[in-house]
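Okay, structure first, notes after.
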Amino acid sequence: CRFSYFCFVFFLFPLSFFLFPLCFVCFCSVFLIAGVFLSCSPFGLPRPPVCACNKCLMEHDQWLSERTKESPEPFLSPTNNISEDTFNWWKYDRRNFAFYNKIVDKVFQIFPTKVNFTRSSPDLCRTCAVVGNSGNLNGSHYGPLIDFHDIVIRINRAPTKGFERDVGNKTTYHVMYPNSFRNLDNTTHLLFFPFKIYDLQWLIRFFTQRIDSDYDMLLSKNSTFFNSFMKYVHQIWLKQKGRYPSTGFITLVLSLHMCDEVSVFGFGADKNGNWNHYYEPLRNKRLRTGQHPGKLEYQFIVKLHEQQKINFFRGW
Ligand code: C5P
């Protein structure tokens, strides 16, 4: 009994003065480190910033992170090809997965595999303008505002010459597929979107037959491909409505992965529900939104805007 008393007074009691604070410090450090490295927020501690903008797109947004969690890696590469399942969903002809893979191999024998976009970082604020081709851009005077963004993404034909006041003239990424292909200047990255095997074959033919400097430039550094995204956008975002998503809507969803702040311009049908273009008069008065669920896509854009996830500029 005397021995226990001696132990308590001279050993355990003073030790507890050191042990309790030590445990407390260790406990807090573990949670702080978890907060920094895993972006979790134990006990409501402030999370580390995802980007350097005032408000980062992916920060604290459960709805958006749940959707993006299901996304495949958007860009095609030799190590990131689509699965056979996605291929079967994507394919338009009878040629099989083995054939598709052969073509993809050929593509990557010609094109470099690096992906040309900056990943998110706590000291970067990547502001993006996604510019569709709607006629509502006419008379909008959005040009300077569009060009003010770090990254401007345009889709398909999207001419800027002669339309600078309303659409700007900067293009960082140009999303295209064979039917809408046009020359790009050397400040623009190509985002090539193959809808079918033929599109990849077209690309190989196109670039192996031309050797002038413009094409050398595209071959050397500026091309990126994506196709796995289409199924994801159709199934997860649009719940399989419409035949397939529009290139513009797929690009918008892609921008949520590439940017910290997204502003959207040039989306929306005319008063008769047709997808008109700012650069030409409407030719087919019964066009509507083609095979795409245009109304639903538009509702999504409005919803994202109302929830303050993106800025949507509706034009006039
Ligand atoms: O018509 P085009 O495919 O060239 O336009 C690019 C994208 O802009 C479309 O895929 C669509 O998402 C969007 N668009 C729109 N409203 C229009 C015209 C185009 O939302 N009137």
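The values are calculated or read from the model by the stated rules, or taken from the named source; none is laboratory data. Since the structure is predicted, the reported quantities are computational estimates derived from the model, not experimental observations. Note that each Cβ is placed from the backbone with ideal geometry, even for glycine, and that neighbours are counted across all protein chains shown.
If you check Val115, Val167, which single one turns out to be in contact with a strand residue (DSSP E or B) (Cβ under 9 Å, 6 or more places away or on another chain), β-branched (Val, Ile, Thr) and at pLDDT below 95?
The match here is Val115.
For residues in the stretch 72-113 being in a helix (DSSP H, G or I) and acidic (Asp, Glu), which is farthest from Leu200 (Cα to Cα)?
Asp85
What do you reckon, is Ser140 near the ligand (Cβ under 10 Å from one of its atoms) and either modelled with pLDDT under 95 or touching an Asp or Glu at 6+ places or on another chain (Cβ under 9 Å) (or both)?
It is false that Ser140 is near the ligand (Cβ under 10 Å from one of its atoms) and either modelled with pLDDT under 95 or touching an Asp or Glu at 6+ places or on another chain (Cβ under 9 Å) (or both).
What number of residues within the stretch 110-167 satisfy the criterion of being among the basic types (Lys, Arg), more than 20 Å from Phe181 (Cβ to Cβ) and buried (at least 22 other Cβ atoms within 10 Å of the Cβ)?
So the answer is 1.
Could you say which residue among Arg154, Arg182 is assigned to a loop (DSSP other than H, G, I, E, B), among the basic types (Lys, Arg) and within 16 Å of the ligand (Cβ to nearest atom)?
Result: Arg182 is the single residue among Arg154, Arg182 that is assigned to a loop (DSSP other than H, G, I, E, B), among the basic types (Lys, Arg) and within 16 Å of the ligand (Cβ to nearest atom).
Out of the stretch 159-174, which residues are among the charged types (D, E, K, R) and in a loop (DSSP other than H, G, I, E, B)?
Across the stretch 159-174, the qualifying residues are Lys161, Lys170.
Give me the residue from the stretch 108-137 that is within 13 Å of the chain's Cα centre (by Cα) and away from the ligand (no atom under 16 Å from the Cβ) and, out of that set, farthest from Ser77 (Cα to Cα).
Thr127
Before we move on, is Gly273 modelled with pLDDT under 95, surrounded by fewer than 16 Cβ atoms within 10 Å (Cβ to Cβ), outside any strand (DSSP E or B) and touching a Lys or Arg at 6+ places or on another chain (Cβ under 9 Å)?
When the stated conditions are applied, Gly273 does not pass them.
Say whether the condition of being at pLDDT 90 or above and either in contact with a Leu (Cβ under 6 Å, 6 or more places away or on another chain) or surrounded by 19 or more Cβ atoms within 10 Å (Cβ to Cβ) (or both) is met by at least one residue in the stretch 202-216.
Looking for residues that are at pLDDT 90 or above and either in contact with a Leu (Cβ under 6 Å, 6 or more places away or on another chain) or surrounded by 19 or more Cβ atoms within 10 Å (Cβ to Cβ) (or both), one finds none in the stretch 202-216, hence no.
Go through the stretch 231-270 and report how many residues are assigned to a strand (DSSP E or B), within 13 Å of the ligand (Cβ to nearest atom) and closer than 19 Å to Trp63 by Cβ.
Total satisfying the criteria: 1.
May I ask you to list the residues in the stretch 281-299 that are near the ligand (Cβ under 10 Å from one of its atoms) and either under 17 Å from Asn138 (Cα atoms) or assigned to a strand (DSSP E or B) (or both)?
Once the filter is applied, which keeps residues that are near the ligand (Cβ under 10 Å from one of its atoms) and either under 17 Å from Asn138 (Cα atoms) or assigned to a strand (DSSP E or B) (or both), the stretch 281-299 yields only Leu282.
Quick check on this structure: which one of Phe31, Phe13, Phe8, Phe27 is farther than 30 Å from Met258 by Cβ, among the aromatic types (Phe, Trp, Tyr), in contact with a helix residue (DSSP H, G or I) (Cβ under 8 Å, 6 or more places away or on another chain) and modelled with pLDDT under 65?
None of the others qualify; the one that does is Phe31.
Name the residue that is surrounded by the most Cβ atoms within 10 Å (Cβ to Cβ), counting only residues in the stretch 296-316 that are among the aromatic types (Phe, Trp, Tyr) and within 19 Å of the chain's Cα centre (by Cα).
Here the answer is Phe312.
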